[in-house]
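Presented below is the structure to which this report refers.
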Number of protein chains: 2
Amino acid sequence: MRKAPTLKDIALATGVHVSTVSRALNPSLRTVLSDDVVKHICEVAAQMGYRPNRLAAGLRTRRTMTVGLMIPDITNAIFPPILRGVESVLEPLGYASIIVNTDSILAREHLLVDVLRERGVDGIIHAAVLRNDPKIVKVAAEGTPMVTVNRKIENSGIPAVVNDDAQGIRMILKYLFDFGHRKIAHIAGPEDLSTGQGRKQAFVAGARELGLDVPARAIAQSQRFDEAEGRRCTAALLDGGWPLTAILCANDRLALGAFEVLRARGIDCPTQVSVTGFNDMPFLDLIPPRLTTVRIQQFEVGQVSADILVKLMTDPAAAVASETTLPVKLVVRDSVAPPPSG
Amino acid sequence: MRKAPTLKDIALATGVHVSTVSRALNPSLRTVLSDDVVKHICEVAAQMGYRPNRLAAGLRTRRTMTVGLMIPDITNAIFPPILRGVESVLEPLGYASIIVNTDSILAREHLLVDVLRERGVDGIIHAAVLRNDPKIVKVAAEGTPMVTVNRKIENSGIPAVVNDDAQGIRMILKYLFDFGHRKIAHIAGPEDLSTGQGRKQAFVAGARELGLDVPARAIAQSQRFDEAEGRRCTAALLDGGWPLTAILCANDRLALGAFEVLRARGIDCPTQVSVTGFNDMPFLDLIPPRLTTVRIQQFEVGQVSADILVKLMTDPAAAVASETTLPVKLVVRDSVAPPPSG
DNA sequence: GGTTCTGCTGCAATCGTTTGCGTAACTACC
DNA sequence: GGTAGTTACGCAAACGATTGCAGCAGAACC
């Protein structure tokens, strides 16, 4: 276990003071030194295989060049592309990222945000935030640069990068409407998530605009964005007795659950009941009946949020948009057809 | 931006020395102090919301309680479950993880391993290792606890946690054989990955045991484990003129590519050509014709490798298995049928 | 009462960097 | 050749925690 060389070792080898070595290795401070000294030091450093100790540097400068990424669950296929988007901007800048899975559990989230802070992250990208979370607001207010992605905390002052959920819902609602659907049910996302809440509101508003009737039993409220809840809600909808012809789901996984229940009950999708999703997660185009959905720009949402975080980290007083909304796109596949006649 | 309280602040508030506070907050050193002092300090610390600065502690102790996880690409659905497995053991122990995507590019890998070391990770779990990589071997030899997962570097002394690839290939080969297949082609994984190499060898050996003829054109060599390569290799196989009745793919993504080409050419799977995969990635059971494959224990492989890493980190001289092989399981679905008669 | 022991706490060095400040040496100017 | 202004580098104090060692009480013993 050969000890990694430190500034001191290089100073010893070159006969200069450690502070000189430090400056020589820092491009922006390098200018105050004579060129040949810089050159010599750099050569020796490279030859010794010097790698700065970011712990020590971070201790001194309070910048560790690492950021925290909070997501609900990495096995949810929607998040890996977002992470890659984030890293596409962070990594070239020299940042590394600590990723934590909150499982959408508040207590875990609070624990994990401390885990991140203990490690001195320079900022946090939070893709798992609940609609209401005082602790997170407090952490941000205390000075930790933070941006929430996909979701947001209303009136928190925390910059959010979100998708144009309202527009997406409107588009897909219109799409169903144009096919002739008039009895459109909705499987709503969790009420404690801004996406769940926002999409439901957009659904209700949009349906009203189109002059559709939306009785209470046309909306099933899920507790989580997963297939199991999709199944439960679909069953509830079907058993509710409302003569629906289409189910607009708040996200793809709920829709996948809907597929299952329909198939199990011998109800054909799309000829008997149309189904739509939201997000356009990977592999959707391979799963029949291929889901018509709304594509959110997963990679880009990551990029944009990282851009904003960088701005915040380099200048805490920087003026950044409190909310950035990215456009969405209707992805037409096979899960929508005209309602059965009669 | 209220400054986070430090040991010194607590010392000031309690009227004792910072070293006493440090000991009071450390369960294993706490015993040397009188109970009431410990109690008082803990109360004040809790009330002030003290959180240790792991940077400072790490600088002193050379342990940061963070580990590095190297994977090829998080968007590859096989890795998230492995990560969760890793974290299921690491997180309760207080470790956080820095995840990096190598994209299977050697230069990136070398860059990223330094990124990890700069941050003083206590150990590395490497799920992206190439069969031959002197730099990684060197890093491990220099004392960084490391374990490779899924893949391995032969004779490197680096503990590896792998799946029983040979057994898996044998089982699936036998399964095809029992259906009557005698002309079984293979889409091999990348030669620079131990999995690609190992599965190919197992295929050749297994075919020989069964008395099957395996001409050169029965094997297509992929460059990457992805759908595009699966398509390319399938096309090459089909165009090669060898009258195959089944394609045994080195992993699921290659098989997914095979599905596409077969469908595009109007060749029905499984009635005309059977296809098998390896890994059993998520969602496979929803994609028709549902792929018959070999299930590797993704979560468990993560768990086991983390267990080993922990052992290595807590006691560098600990005796750990140089190779741990986890059992695999045949997952029968719909992509295999008897070969067309005649 | 002096000595030894033990139990508790303080002192100070240390980890590797960064950075404000001080100070040589050198240039330039009158 | 004295003064002022640069230039180029060294000095030393941080950052926040850990830990070997020292030291100070009080108890215990003869």
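The values are calculated or read from the model by the stated rules, or taken from the named source; none is laboratory data. Everything numeric here is computed off the predicted structure, so don't read it as measured data. All Cβ positions, glycine included, derive from the backbone under ideal geometry; neighbour counts span all protein chains shown. Heads up: the accessible areas ignore ligands, DNA and RNA and are worked out on the full protein's heavy atoms, side chains in. Shrake-Rupley method; radii C 1.70, N 1.55, O 1.52, S 1.80 Å.
For the protein assembly as shown, what is the accessible area per residue in Å² when the probe is 1.4 Å?
Values: 28720 Å² over 684 residues.
On a per-residue basis, 42 Å².
Over chain B, calculate the relative contact order: mean separation of alpha carbon pairs under 8 Å at least 6 apart, over the residue count, as a percent.
Working: 642 pairs, mean separation 58.7, N = 342.
Over chain B, the number comes to 17 percent.
Cα centroids of the range B:199-257 and the range A:59-81: 39 Å apart.
Hey, got the average number of other protein chain Cβ atoms within 10 angstrom for residues in B:54-60?
On the way: counts 6, 12, 5, 3, 7, 7, 2.
Whole-number average of other-chain Cβ neighbours for B:54-60 is 6.
Give the average, rounded to an integer, of partner chain Cβ atoms located within 10 angstrom of each Cβ in B:82-92. Mind dumping the intermediate values first?
Values: counts 2, 4, 5, 0, 0, 4, 0, 0, 0, 6, 0.
Counting other chains' Cβ atoms within 10 Å and averaging over B:82-92 gives 2.
Each other copy places its own label point for B:Arg208 at 7.5 nm from this one, sorted shortest first, where the point lies 7 Å along the Cα-to-beta carbon line.
Return the value, in Å² to the nearest 100, of accessible area buried between chains A and B (probe 1.4 Å, both sides summed).
Working: alone 16480 and 16460 Å², together 28720 Å².
Interface area, both chains combined: 4200 Å², rounded to the nearest 100.
The label-point distance for B:Met171 and B:Asp103, in a model that sets each label 7 Å from Cα toward Cβ, rounds to 3.5 nm.
Checked against a 32 Å cut-off, the cross-linked pairs A:Lys311/B:Lys3; A:Lys8/A:Lys135; A:Lys3/B:Lys311 give Cα-Cα distances beyond that limit for A:Lys8/A:Lys135.
Label positions at A:Arg51 and A:Phe283, each projected 7 Å from the Cα along the C-beta direction, are separated by 3.4 nm. Seen against the Cα atoms of chain B and their longest principal axis, helix B:35-48 is set at about 70 degrees.
If a paramagnetic tag sat 7 Å from the Cα of B:Asp178 along the Cα-Cβ line, which residues of the range B:314-342 would have the backbone N under 18 Å from that point? Taking a point 7 Å out along Cα→Cβ of B:Asp178, the residues of the range B:314-342 whose backbone N falls under 18 Å are B:328-339. For the range A:7-52, the Cβ-based charge dipole about the Cα centre amounts to some 160 debye (Lys, Arg positive; Asp, Glu negative; other atoms uncharged).
In order along the range B:109-125, the Karplus-derived 3J(HN,Hα) couplings, from 6.51 cos²θ - 1.76 cosθ + 1.60 at θ = phi - 60°, round to 4, 5, 4, 6, 5, 6, 4, 5, 5, 4, 8, x, 4, 7, x, 9, 9 Hz, and Gly and Pro are given as x. Exposure check, 1.4 Å probe, all protein chains in place: A:Met146 carries approximately 10 Å² of accessible surface. Oblate is the label for the protein assembly as shown, because the ratio a/c of its alpha-carbon gyration tensor axes (a ≥ b ≥ c) is 1.5 or higher and a/b is not greater than b/c. Rounded to the nearest 5, the antiparallel percentage of DSSP beta bridges internal to the protein assembly as shown is 10%. Comparing mean-square fluctuations of B:Pro81, B:Pro316, B:Pro145 from a GNM of chain B with C-alpha springs under 10 Å, the top value falls on B:Pro316.
Computed from Cα positions, the angle between helix B:165-178 and the longest principal axis of chain B comes to roughly 30 degrees.
On the protein heavy atoms, probe 1.4 angstrom, tell me the percent of accessible surface of chain A carried by carbon and sulfur. Intermediate values should be presented prior to the final figure.
Numbers: 7770 of 14370 Å².
C and S atoms contribute 54 percent here.
Remind me, relative contact order of the range A:24-148 in percent, using alpha carbon pairs under 8 angstrom and six or more residues apart? Spell out each step's value before the answer.
Values: 128 pairs, mean separation 32.2, N = 125.
Result for the range A:24-148 is 26 percent.
Taking the C-alpha atoms only, the angle from helix B:227-239 to the longest principal axis of chain B is near 20 degrees.
The distance separating the Cα centre of the range A:325-342 from that of the range B:302-341 comes to 42 Å. Between A:Asp165, A:Asp315, A:Asp122, the GNM of chain A built on Cα springs shorter than 10 angstrom shows A:Asp315 fluctuating the most. Residues whose amide H lies under 5 Å from that of A:Val161, counting only those 5 or more places away or on a different chain, are A:Thr148, A:Val149, A:Asn150, A:Thr324; hydrogens are built 1.01 Å from N in the peptide plane. Ignoring aspartates and glutamates fewer than eight residues from A:Lys329 along the same chain, the ones with Cα atoms less than 18 angstrom from its Cα are A:Asp164, A:Asp165, A:Asp178, A:Asp252, A:Asp280, A:Asp285, A:Glu300.
Summed over qualifying helices (DSSP H, 4 residues or more, each -39500 (n - 2.57)) and divided by its residue number, chain A shows a 222 nm mean residue ellipticity of -13000 deg cm²/dmol.
Accessible area per residue was computed with a 1.4 Å probe on protein heavy atoms; B:Ile267 scores about 40 Å².
In the range B:21-134, the alpha-carbon atoms span a convex hull of 135 Å³ per residue. Across the copies of the chain, B:Asp192 has label points (7 Å from Cα along Cα→Cβ) spaced 4.6 nm apart, shortest distance listed first. Using C-alpha pairs below 8 Å separated by at least 6 residues, the relative contact order for the range B:165-296 is 24 percent.
Sequence-ordered 3J(HN,Hα) estimates for the range B:288-298 from the Karplus curve with 6.51, -1.76 and 1.60 and θ = phi - 60° stand at x, x, 3, 6, 7, 8, 10, 8, 9, 8, 4 Hz, glycine and proline given as x.
Let a ≥ b ≥ c be the square roots of the eigenvalues of the Cα gyration tensor of chain B; is it rounded (a/c under 1.5), or, if not, prolate (a/b larger than b/c) or oblate? It comes out prolate by the Cα gyration axes.
Label separation (B:Ser34 vs A:Gln223): 5.2 nm, computed from points 7 Å beyond Cα along the C-beta direction. Please report the spacing between the Cα centers of the range B:96-154 and the range A:1-41 in Å, no decimals. Measuring centre to centre over Cα atoms gives 28 Å. In this structure, the amide hydrogen of A:Thr66, modeled 1.01 Å from its nitrogen in the peptide plane, lies closer than 5 angstrom to those of A:Ala96, A:Asp122, counting only residues at least 5 positions away or on a different chain. Inter-copy label distances at B:Asp315, using a point 7 Å along Cα-to-Cβ, come to 5.5 nm with the shortest given first. Result for chain B in a Gaussian network model with C-alpha springs under 10 Å: among B:Arg23, B:Arg60, B:Arg253, the largest mean-square fluctuation is at B:Arg23.
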